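*Asks:* Please see the structure below; I have some questions.
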Amino acid sequence: MRQEEFLNSFREALIGKVPDNVIQDNLNYYRNYISSQINSGRREEDVLGSLGDPRLLAKTIEESNKFAMGEERQSYYQDNNTGAYRNQNDDQEQKTGYHKTVNLPGWLLSIIGLALMMLVIVVAFSLISFFAPAILALSLVLLVIHLIRSWQRRY
């Protein structure tokens with residue numbers, strides 16, 4: 001594959017999936033990268049080979065753009081058996097039956113953890129306050145019984 005074939009395939013894979021300015025920026029970047037590598041003495045085939053499949057590279061740019069725009073991130077890989085590009089999340093759904101994994105930010109997990117700890121403390125104190133009168137009454141009864149028995153032993 002030649003440089004222009006690589007860049008055309010890359011462009012075609014991006015058209016309609018990311019804004020035109022993103023396509024142009026990436027085309028300029030890879031065109032400059034390939035040229036600089038060739039000028040430094042590397043063979044064109046080696047440079048293009050190190051970049052990999054332009055469709056997979058375009059998919060990476062597409063996903064990066066989605067992620068930057070706040071959309072869900074996908075992970076793609078090339079299936080060794082068929083050569084097709086597959087979505088890693090789709091494979092996980094088929095194997096586990098789960099449809100979506102939610103990754104919560106650390107600060108939100110901290111707030112949830114703190115709220116759960118507060119709930120446990122409130123429930124514990126509620127139980128203590130509910131049973132405290134009974135425990136206090138039982139303690140007083142046992143104390144009175146103990147005092148009566150000890151008084152009877154003396155006399």
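*Asks:* So which residues in the range 105-155 are outside any helix (DSSP H, G or I) and over 58 Å from the mean Cα position of the chain (by Cα)?
*Replies:* Once the filter is applied, which keeps residues that are outside any helix (DSSP H, G or I) and over 58 Å from the mean Cα position of the chain (by Cα), the range 105-155 yields only Tyr155.
*Asks:* Any idea which of Gly41, Gly16 is at pLDDT below 90 and in a loop (DSSP other than H, G, I, E, B)?
*Replies:* After applying the criteria, what remains is Gly16.
*Asks:* Starting from residues that are among the small types (Gly, Ala, Ser) and part of a loop (DSSP other than H, G, I, E, B), keep the ones in the range 44-82 and report whichever is modelled with the highest pLDDT.
*Replies:* Checking each candidate, the answer is Gly52.
*Asks:* Does the range 27-41 include one or more residues that are hydrophobic (A, V, I, L, M, F, W, C) and within 30 Å of Asn103 (Cα to Cα)?
*Replies:* No: zero hits.
Each row is one residue, and each column tells you yes or no for (1) touching a helix residue (DSSP H, G or I) at 6+ places or on another chain (Cβ under 7 Å); (2) in contact (Cβ under 8 Å) with a residue 24 or more places away in the chain; (3) not charged (D, E, K, R).
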site: Met1; (1), (2), (3): yes, yes, yes
site: Phe6; (1), (2), (3): yes, yes, yes
site: Val18; (1), (2), (3): yes, yes, yes
site: Asn26; (1), (2), (3): yes, yes, yes
site: Tyr29; (1), (2), (3): no, no, yes
site: Ser36; (1), (2), (3): no, no, yes
site: Gly41; (1), (2), (3): no, no, yes
site: Arg55; (1), (2), (3): yes, yes, no
site: Ile61; (1), (2), (3): yes, yes, yes
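The values are calculated or read from the model by the stated rules, or taken from the named source; none is laboratory data. Quantities reported herein were computed from a predicted structural model and do not represent experimental measurements. Methodologically, a virtual Cβ is constructed for each residue, glycine included, from the backbone with ideal geometry; neighbour enumeration extends over all protein chains shown.
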